[in-house]
Amino acid sequence: MSHSHRGSIVRIVILVAAAVLVTAAYGAPAQTLELPHFDVPRHCKTVASVGGDYSETVYGGCMKMEQAGYDGLKAGWADAAEPVKRLCLEVAQSGDEGSYAVLFDCIERARGLPP
C-alpha cells in the first residue's frame, strides 16, 4: 500500500471517528439517508479504461467488487450512524459516479471492522 493511500485511509478513519463521537454526544439527526443508487456499469467501465486500454478482466473484477459492496451495505446500512453515512457517501462519490465497494469499506472501517 502506498504512503499516500495509507495517509488517505488514516484521514478517513479519523473523520469517521469524529462523526461517530458527534453523533454519540448530540444524537442522530431526524433525516435518514437511504442507500444510494450508483451507476455501477458506468463506474466499472471507467475503472476498466484507466490507462487508455479497456480491460474486460478489470471490468468483471470491478463488477464483482461492487456487487459484494452493495450486498454488504444492504445488510448493514440501517445500522450505520447517519454522520458516518454522510461522510462515507462523500468519500465514495469523490472520484466519479460512486462506488459501493468504497462506501462499504468506509462504513466498515468506521465500525472498526476489517473491510
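Hey, LEU35 hits all of (1) under 17 Å from the mean Cα position of the chain (by Cα); (2) modelled with pLDDT under 90; (3) of a type outside the set (Val, Ile, Thr) but one; which does it fall short on?
With respect to (1) under 17 Å from the mean Cα position of the chain (by Cα); (2) modelled with pLDDT under 90; (3) of a type outside the set (Val, Ile, Thr), LEU35 is out only on (2).
Could you tell me which of the residues GLU90, GLU108, GLU97 is assigned to a loop (DSSP other than H, G, I, E, B) and of a type in the set (D, E, K, R)?
Numbers: GLU90 fails: assigned to a loop (DSSP other than H, G, I, E, B); GLU108 fails: assigned to a loop (DSSP other than H, G, I, E, B).
Only one candidate qualifies: GLU97.
Pick from VAL50, VAL58, VAL84, VAL102: which is of a type in the set (Val, Ile, Thr) and in contact (Cβ under 8 Å) with a residue 40 or more places away in the chain? Lay out the reasoning, then the answer.
Values: VAL50 fails: in contact (Cβ under 8 Å) with a residue 40 or more places away in the chain; VAL58 fails: in contact (Cβ under 8 Å) with a residue 40 or more places away in the chain; VAL102 fails: in contact (Cβ under 8 Å) with a residue 40 or more places away in the chain.
Unique residue meeting the criteria: VAL84.
If ALA75 meets every condition in (1) surrounded by fewer than 17 Cβ atoms within 10 Å (Cβ to Cβ); (2) touching a Leu at 6+ places or on another chain (Cβ under 7 Å); (3) within 11 Å of LEU35 (Cβ to Cβ) apart from one, which number is that one?
For ALA75, the failing item is (2).
The values are calculated or read from the model by the stated rules, or taken from the named source; none is laboratory data. Small disclaimer: the values here were computed from a predicted structure and weren't measured. So basically every Cβ, Gly included, is an ideal-geometry build from the backbone, and we count neighbours across all protein chains shown.
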